[in-house]
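See below for the structure under consideration.
What follows draws every value from the coordinates through simple rules; no lab data is involved. Please read all numbers here as calculations on a predicted model, not as lab measurements. Virtual Cβ from ideal backbone geometry, glycine too; neighbours counted across all protein chains shown.
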Amino acid sequence: MLWFALILAVFPQAKVDRVCLENREKGLVQDIREQIIQTQLTHEGCEGNITMNKGYFIKEGFFSRGNDFSFDSYNKNDLNIGPELDTFLIDTNYVQDGNIVIYGQGVLLVDSAQLTLSGHLYAQNQGQAIFINNAHLHFNQFYVGQYFVWLVDTARFEATDATVDANGVMHYAQLHNHSTYIARRVYFPDWTFRKVFNRATLILEDVYHVGDLMVDDSCFVHFTRCDTLMPWFEMRDGSVVNIQFPDPDFVDHFELSDNTPNVDGIGYTFIADSCSQCWWSLETLPGCNVTINNSTIRGSCVRMFGSDTFNINGIENYTYHSSLTVPLSDRYLKYIDTYVYWWNWYPFEDIILNIDLCSFGEMIGRGNSETYATNCIHDGATIMLGSGGDAFVSFTDGFSYSYVGTFENSTFLFVNSSITPFWPYQSTNIAHANSYLLAVNSSFDYEPEAMDSALAMFSKIDSLSGDTIGATIDILGSAWIDAGPQSAITFDRYKLYWTPEGDSVWTLIEESTNQVYNDTLAAWNTTGLSAGEYDLRLTIWDDAGDSLTAFRDITLQSLGIEEQADSEITYLFQNYPNPFSIKTVISLECISHVDAAVTRSQHSIYIYDLSGRLIRILSLPSSPRSSVSWDGTDNSNNRVESGIYFYRLEIGDFRAVKKLILLR
């Protein structure tokens, strides 16, 4: 199967080099990223207490679109039912290691039993899957989007008094071409994402925890007595919509269709009767004309097609907009007196998207698009950062609190960024199918993995064991690749260089053919060097000649410089434990010989939630090194909800922001 390596995507060397070189002088730019977080925390107009919840997370962007979707079964482990009159009855617990494919007059009937499925459930050409009498469909999956329910060409899925779960991650379903999906009194313990295409029908009754659904293509959707539903309404080319959505907490009756006043050209019908927690969301396309008034919008998904260049700046999650016209020349999208929780950005085709100083829930590049995200926060609210098709995505000087997925022939490049999933089930960062996942001076709580014919590359100059000239200094970092099992690519070598800051003449420190995982890259003898600023350069190569380069700027000092009278050291430590449930401790070290009063004065720690609301002010004792504990209460001594919080310290010109996680 190594022939797959021959069809790897062409490594976008020029684009990768350009992004890396542009960031040569930034190093890890921690101060810049802290300023970005500070901007998020102090944004005026944020209101409400937004609580992160596992149920909020969704995955979107890799669904098949269009009306010609079909599939075939080639796996010898698949269970094929049909196409002639054929009923496969499961009335005792049954395990299927592979897909189930139902054709024509085939029927899968699960009655009072559990079906454990390690594969997809396909039905097409009138095929039917029926679950009754406390039947249980268990998808034995281990990462988001691994297995789906697929319905095509008048196929039917019907579950009554049943359970459908996805092993603690997420369940997905796609409905195509006049297919039907009905669930009555069905328990879905895991978050579910359903995509409803051309003239398909989705009917749910008495279902708690409905999840996401994408509503478009002349489909019909009807919910009755359902809870926690997040419909993404497609606003397509030619549609004109000017509406106010009802209060999301409870909806007695709401219909969105071409029969709704001030709505034209959407083509589908959505009805909600006696439903609670209706999280209205939009999927806007080029050519739409949409105005939303006095509403609460959970998600604003922007799909971009064509060959335009778009520049997005300063649009943030969890923000009230008195009047916002989204700066996109191919559509009209305006929010008036409306609160938007999350933004999703999806460039397709030949779009170039430059996005700066924004926070968003999800971003996925597809087609031949190029995306350059700088100084951004991906809070993981709608789950992932991703790339597919032949897209190129770079994420520079940013933070992500979810996971990464690369697909097909795409490339995702991280530079000077941190990827820290909020929930354990988001811990798998994966490169699939001839794609490249590249990381430069970036930190992952869970290192990326390459599957099938994909490739992950990691180049990082992490830290130095010292900074005094005349000594031998260990340079710590990483230089490695992970090639998928269907790829013959291997690690070739790395080279580590130094140069005076800004110089173009590099001196070799180390060349090695051994991969390094968070360890010593080289021992650097600094004898004969002068105190001052230097640049380090780490380049790694695979045996196909592809390379990835990391830069780091450092300062070398003369012996004893730290003892000069004007030195000042201030450090805000990470809270411990983190995450915490009852109490956590925050510590500060502040030593100043310039103004001794700084160490004697009392300092304050400011704690904010994700919406930027100030939660608590904690006072630190007057001491060069001091600590304070936080018990998860606000300034009124009320317990705050589980979620991500930030704590900030300011002393003179020193500013620091760190993240903490509260889990009740």
Alpha carbon centroid spacing (whole Å) that separates segment 391-420 from segment 77-127: 38
If you take every residue apart from T374 with its C-beta less than 10 Å away from the C-beta of T374, what net charge results, scoring Lys and Arg +1 and Asp and Glu -1? -3
Taking Y517, Y494 and counting other C-beta atoms within 10 Å, the order from fewest to most: Y517, Y494
In nanometres, what is the gap between the two model label sites at D519 and L328, each 7 Å from Cα along Cα-to-Cβ? 4.8
Could you list V393, V186 so that the one with the fewest beta carbons within 10 Å of its beta carbon is first and the one with the most is last? V186, V393
Cut-off under 5 Å, modelled amide H: who pairs with L529 long-range: G470
With +1 on each Lys and Arg Cβ and -1 on each Asp and Glu Cβ, how big is the dipole of segment 369-515 about its Cα centre, in debye rounded to the nearest 20? 120
Inter-label distance for E349 and D86, nm, one decimal - labels placed 7 Å from Cα along Cα-to-Cβ: 4.2
Distance between the C-alpha centers of segment 322-373 and segment 213-239? Whole Å please. 21
Given a Förster radius of 25 Å and the C-beta distance between T224 and N134 as r, what FRET efficiency does 1/(1 + (r/R0)^6) yield to the nearest 0.05? 0.70
What net charge do the residues around T513 carry, taking every other residue with its C-beta under 9 Å from that of T513, with Lys and Arg at +1 and Asp and Glu at -1? -1
Please arrange L618, L353 by counting, for each residue, the other beta carbons lying within 10 Å of its beta carbon, fewest first. L618, L353
Let me check against my output: what whole-number percent is the relative contact order of segment 205-285, with C-alpha pairs under 8 Å and at least 6 apart? 39
